[in-house]
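Notes to accompany the following structure.
The values are calculated or read from the model by the stated rules, or taken from the named source; none is laboratory data. Here the structure is a predicted model, which means the values were calculated and not measured. Neighbour counts are summed over all protein chains in view; Cβ atoms, including those assigned to glycine, are modelled from backbone coordinates with ideal geometry.
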Amino acid sequence: MPPQLSLFELPPIPGQPASVTFLPSGKSIAVAVGTVLLEAIRQAKLPVAQSCGGFGICSWCKVRVIEGQENLSIPSQPEQRLIQRQSFKPNERASCQAEILGDVAVTTTYW
Ligand code: FES
């Protein structure tokens, strides 16, 4: 018998909208589930640092997740190495690696 999922355990549906809020301004945009966080930042026309082209190497695109950490994809292998090498705090993610699966709120030191 296949496992039963409750409504709260259903996986996100790619293409469905999710909200990304950028703090401290509170600017919010809607993006499709599956959008990479770095792309959402660009869509919001906010500055974001990067030097590796989004390959999870430089860590310059790091953001702090204020709400909805559970609504981001689990860290990719490159991001896991980056998190360990750069001693990320538990709520910090490489925006070029994190896919948006639901509503999130993020910030950086330079917004
Ligand atoms: S852009 Fe380099 S780690 Fe994200």
First in segment 52-70 and within 15 Å of the ligand (Cβ to nearest atom), second anywhere and among the hydroxyl-bearing types (Ser, Thr, Tyr) and in a strand (DSSP E or B), Cβ under 7 Å, 6 or more apart: Val63/Thr107; Arg64/Thr107
Residue in segment 68-103 that is nearest to the chain's Cα centre (by Cα), counting only those that are over 21 Å from Gly15 (Cα atoms) and charged (D, E, K, R): Arg93
Total residues in segment 34-66, condition at positive phi and exposed (fewer than 15 other Cβ atoms within 10 Å of the Cβ): 2
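What's the total number of residues in segment 77-100 that are within 10 Å of the ligand (Cβ to nearest atom) and over 15 Å from Val48 (Cβ atoms)?
4
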Test for Ile74: is it within 19 Å of Val31 (Cβ to Cβ), more than 8 Å from the ligand (Cβ to nearest atom) and loosely packed, with under 14 Cβ neighbours inside 10 Å: yes
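Being within 11 Å of the ligand (Cβ to nearest atom) and modelled with pLDDT of 95 or more narrows it down to one of Leu46, Leu38, so name that one.
On the way: Leu46 fails: within 11 Å of the ligand (Cβ to nearest atom).
Being within 11 Å of the ligand (Cβ to nearest atom) and modelled with pLDDT of 95 or more holds for just one of Leu46, Leu38, which is Leu38.
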